[in-house]
1. Is it the case that some residue within the range 135-155 is on the phi < 0 side of the Ramachandran plot, among the β-branched types (Val, Ile, Thr), surrounded by 17 or more Cβ atoms within 10 Å (Cβ to Cβ) and at pLDDT below 95?
2. Determine whether the range 194-201 contains at least one residue that is open to solvent by less than 60 Å² (accessible area, probe 1.4 Å) and over 22 Å from Ser225 (Cα atoms).
3. What's the total number of residues in the range 162-191 that are surrounded by 22 or more Cβ atoms within 10 Å (Cβ to Cβ), under 14 Å from Cys115 (Cα atoms) and either without any contact (Cβ under 8 Å) to a residue 24 or more places away in the chain or not aliphatic (A, V, I, L, M) (or both)?
4. Any residue in the range 329-341 that is farther than 16 Å from Glu23 by Cα sitting within a Cβ distance under 8 Å of a residue that is of a type outside the set (Gly, Ala, Ser)? List the pairs, counting only those 6 or more apart or interchain.
5. Considering only the range 102-145, state which residues are more than 21 Å from the chain's Cα centre (by Cα) and assigned to a strand (DSSP E or B).
6. Listed residues Asn293, Asn353, Asn307; which is open to solvent by 50 Å² or more (accessible area, probe 1.4 Å), touching a residue at least 60 places away in the same chain (Cβ under 8 Å) and within 23 Å of the chain's Cα centre (by Cα)?
7. Among what's in the range 101-129 and is basic (Lys, Arg) and within 22 Å of Ile151 (Cβ to Cβ), pick the residue that is most open to solvent (accessible area, probe 1.4 Å).
8. For the range 204-217, which positions are in contact (Cβ under 8 Å) with a residue 60 or more places away in the chain and open to solvent by less than 50 Å² (accessible area, probe 1.4 Å)?
Amino acid sequence: MSFINEIFILDDIFSIEKQVEQENGIHIPNVSHWDSSVAFQKYMAQVLVLPVQSLPWNYYYTYSISLEERQQVLKKLGIPLQQIQSVMGLLLQSSTIAIVNLINLLVHYKRKRLCILQPAYFSVSTCCTMLSLKYGIEQISFECGRPRLPIDKIISGEYDCIWITSPIFCTGYYPDDEYLKDINYLKSIGLTLIFDESLALPGKELIRSFPIDNKIFAIYSPHKSISINGLKFAVIVCDRTYEDFLEQWVDVFSGALSSSNRDAVFHYISSNYFDKCYPAYKCYINESKKVVNDILKQFPFASILPNTEGHYIQIFTNLKIQGKKELLSVLNEMIHTHFVSLIPAALNGFDPNQSFGFRVNLTGDIRELGGAVGRIMQYLSMRYQ
């Protein structure tokens, strides 16, 4: 059986955290963890108003929700009215399930080799292996505060499709004009584009710049993008040509929607999502980012990308940590001595040969986040500077 090495390393990190918590009777904050803090949850609960709950008796599928309501989802995502009849949105339980269904579609529609533009969600390559789709990995480089696509490597890689995550995974960075030109060039030479925009905030969707046709697919999960992960849905947006195929295969890979998925759809198209929840989310995130930025000003060897949005940011450093053994040694010492933890960038698809980095989840408790990030930076400065 083939196992996933990144998950084993995560397990090692979480085991160290638990051990130190038990030894010292204190909580070890992991600044990178995907769950939001109780403070963020209480803050959002003040504005969150959910629709009347669905009854629990019957199965729900995409087609169980009216065409008008599905089209409202597409409109919210940026599909223009004149194109709405030629576009479909397949409603699913999560982005992870959307990835499986899209990889399966690429296989059945004879795509030969997928370029996974890293960093990306770890399950994409695993799904390709599972479903026998050939793939290659090409790394985004981060130079002088601006991400750059490896266009030459993509062109020479004999790819016919490419997986593009926006915002760039774990960074909150959305494509700038040059980045968009590169994507448009890849489309112009015939590549099928798959946009994984599970964390894309409202108004930032790439399908606003790249109209859907039979070579453009996109994944969205609107609640995930504002860190509401227990009540959510995902949607694959694509040309209506693929409707029958996707609706048949969804029974194989994921089955029916839960009632909470259905409720999430209705919440997304309600005024509460856009008029209350999203503004509250932005307010909290912006305050958290100010706290982190103030800490980083004290440590010139660390930085984040400019103009980021959303609750994940990536802290880049000029430090080198080589290999799993040194990495776990560093984290073990840091957790034991500074009572703080993180998920390193290499586990999120960043080039392990680049300098050390880690993500910060800005939905952490604002009262604790600055201190936690500060202790990480103090430790790294002490060990490597």
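1. The answer is no; no qualifying residue exists.
2. no
3. 2
4. Val330/Ile321; Val330/Arg383; Leu331/Ile13; Leu331/Ile16; Leu331/Leu342; Leu331/Pro344
5. Correct list: Arg113, Lys134, Glu143.
6. Answer to the check: Asn307.
7. Lys112
8. Glu205, Ile207, Ile212, Phe217
The values are calculated or read from the model by the stated rules, or taken from the named source; none is laboratory data. Remember, predicted model here, so these are calculated numbers, not experimental data. Positions of Cβ are generated from backbone atoms using ideal geometry, with glycine treated the same way; all protein chains shown enter the neighbour counts. Heads up: the accessible areas ignore ligands, DNA and RNA and are worked out on the full protein's heavy atoms, side chains in. Shrake-Rupley method; radii C 1.70, N 1.55, O 1.52, S 1.80 Å.
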